[in-house]
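See structure below.
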Amino acid sequence: MLWIRNLRDRDLRLTSAIADPNAAGRSASGIGAAVVPLLALSFFINFVDRGTLATAAPFMKDQLQLSSTQIGVLFSAFSWSYVPAQILAGWMAERLNPYRTLAMGLALWSAATAASGLATGFLTLLVLRIILGLGESAAFPSGAKLLAQHLPSHKLGSANGLIAAGMGLGPAFATFVGGLLMAGIGWRMVFILFGLASLAWLAPWHACTRRASALAGKQPGGSGPPLRSLIRRKELWGACLGHFCANYAFYFVVSWLPLYLVKERGLSVAHMAKIGGLIFLVFAASSFLAGQLSDRWVRGGASTSRVRKTCVISAHLGTAASLGAAAIGSVNVSVASLFCAAVAFGLGTQSVYAIGQTLAGPQLAGRWIGIQSSVGNLAGIVGPLITGAVVDRSGQYYWAFIITAAVAITGIVGWGALITKVETLKWKTVPVARCL
């Protein structure tokens, strides 16, 4: 097919860049025209597949007779494997290579999504959510490694903004299209359909990156500093704290929005699907625009540190204010506040990853983001459990919103106090034979 042949032609630029690791990587042209869009598409698929459970929750809660606490456990179970596997995925992205790591992860999580449509009860869903998290753990370390290796710092905002747009469009699609499909054909068929459709991404990814993937594992080089050198840096823990607090708020909205709108605010499933879909579309648009504008700000002469920290701290403040207003307002105020929270999510998400990629540098971005994302996604374990227990105990979502707003404010400590300046840290390289 012509489009696959075009992807193969574009791949030649990427393979030539990999042949010279020192030059490869900091060139925008070295990554190939199709790689960043395909990365963004993989994150769209990633968030469709993980977000489908939230959309199906109102149907499954009644049909499978699940409590809010059990729903919270299912949301949390995704992160039981997702969190520790991030570190393994970061190692694989650097030692195997990021292309293959991402492809293997997507194949696994797509299969788990499709199999969820055959689940008969809580235990089966629990096991499949754990498998889903294991597969999806490959996405962020692999993507971070590719971007940090091939893009200069003043282009990381745009690239991460496009990927974050995929992260927003995924829940939008899962909520809006998934919700409408579930109302028509049932939640089981939607899981099967989405899982099988996700596997189609592997064809263009293989066509675009197969030569680069084959060469990536053959490049000699140092292993970088040992793990203990990374975990001694306060900048890493600042990024971890900030990432955790940002994720706590984001997962709260992604996981509980459908149930909140239907059960607490009394919206119909169709109305919920429209509002929820629009909220995530706003997040996607905000992410894309924030990435573009932040890079333009850097090119205009502002320091990378000032731009990234301004964006991410403003995002935490906006998130906390929006969720606080949603907790105490009327239905209309609550919905409007959730749209404001979506804008704040988009403002900060591209900087969350660009900061880590910049601090780590091209050699260590896979491991750094693996650790950062692993700690950050602990929010996916504790957040749903806390929210589910609070809702069951209080019978409403008020305190769940207040707790989430307080956590969002705490993230400012990580980005503002523990990270002094956003610039690549100095690392010592240890020459070793490369593991294949």
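Read-outs: derived from the displayed coordinates by stated rules, not from any lab. Predicted model, so just to flag it, every value in this text is computed and none were measured. As a convention, Cβ positions derive from the backbone with ideal geometry for all residues, glycine included, and neighbour counts pool all protein chains shown.
For the peptides 169-175, 139-145, 264-270, 279-285, the ranking by mean Cβ contacts within 10 Å, running from highest to lowest, is 139-145, 169-175, 279-285, 264-270.
The ranking of 240, 311 by Cβ neighbour count inside 10 Å, starting from the fewest, reads 240, 311. In terms of overall dimensions, the C-alpha atoms belonging to the chain reach 59, 48, 37 Å along their principal axes, ordered largest to smallest.
How big is the gap, in Å, between the Cα center of the stretch 63-99 and the Cα center of the stretch 177-209? What the calculation gives is 19 Å, centre to centre. Would you give the gap between the C-alpha center of the stretch 259-275 and the C-alpha center of the stretch 127-149, rounded to a whole Å? Here the two parts' Cα centres lie 30 Å apart. Taken about its Cα centre, the chain carries a charge dipole of about 1160 debye when Lys and Arg each add +1 at the Cβ and Asp and Glu each add -1 at the Cβ.
Taking label positions 7 Å along the Cα-Cβ direction at both residue 317 and residue 123, the computed distance is 5.2 nm, reported to one decimal.
When 308, 393, 95 are arranged by Cβ crowding within 10 Å, least crowded first, meaning fewest neighbours, the order is 393, 95, 308.
Per-residue ellipticity at 222 nm from helix content only, as computed over the chain with -39500 (n - 2.57) for each DSSP H run of at least four residues, stands at -27500 deg cm²/dmol. When the charge dipole of the stretch 318-436 is built from unit charges on Cβ atoms (+1 for Lys and Arg, -1 for Asp and Glu) and taken about the Cα centre, the candidate among 332, 349, 401 whose Cα reaches farthest toward its positive end is 349.
In a solvent-free Debye calculation with one equal scatterer on each Cα, what is log10 I(q)/I(0) for the stretch 255-310 at q = 0.18, 0.25 Å⁻¹, listed in the order of the q values? Here log10 of I(q) over I(0) equals -0.65, -0.90. The gain in end-to-end length when the residue 214 to residue 396 segment is fully stretched comes to 60.2 nm, 0.36 nm per residue minus the alpha carbon separation. Spacing of the modelled spin labels on residue 421 and residue 202, each 7 Å from Cα toward Cβ, amounts to 4.7 nm.
Quick one: 92, 167, fewest Cβ neighbours within 10 Å first, how do they rank?
Numbers: 92 24, 167 27.
Listing 92, 167 from fewest to most nearby Cβ atoms yields 92, 167.
In the distance distribution for the stretch 285-364, Cα-Cα pairs more than 20 Å apart total 39 percent. Here residue 421 is the anchor, and the lysines within straight C-alpha reach of less than 24 Å, apart from those fewer than 8 places off in the same chain, are 145, 155, 234, 309.
Report the charge-dipole magnitude of the stretch 98-214 in Debye, nearest 20, computed about the Cα centre from +1 at each Lys and Arg Cβ and -1 at each Asp and Glu Cβ. Result for the stretch 98-214 is approximately 280 debye, rounded to the nearest 20.
Can you divide the C-alpha Rg of the stretch 61-151 by 2.2 N^0.38 Å and report the result to two decimal places?
My calculation over the Cα atoms of the stretch 61-151 gives 1.24.
The packing ranking of peptides 190-199, 318-327, highest mean first, is 318-327, 190-199, where packing means the average number of other beta carbon atoms within 10 angstrom of each residue.
According to the Kirkwood relation over distinct C-alpha pairs, the hydrodynamic radius of the stretch 314-436 is 16.7 Å.
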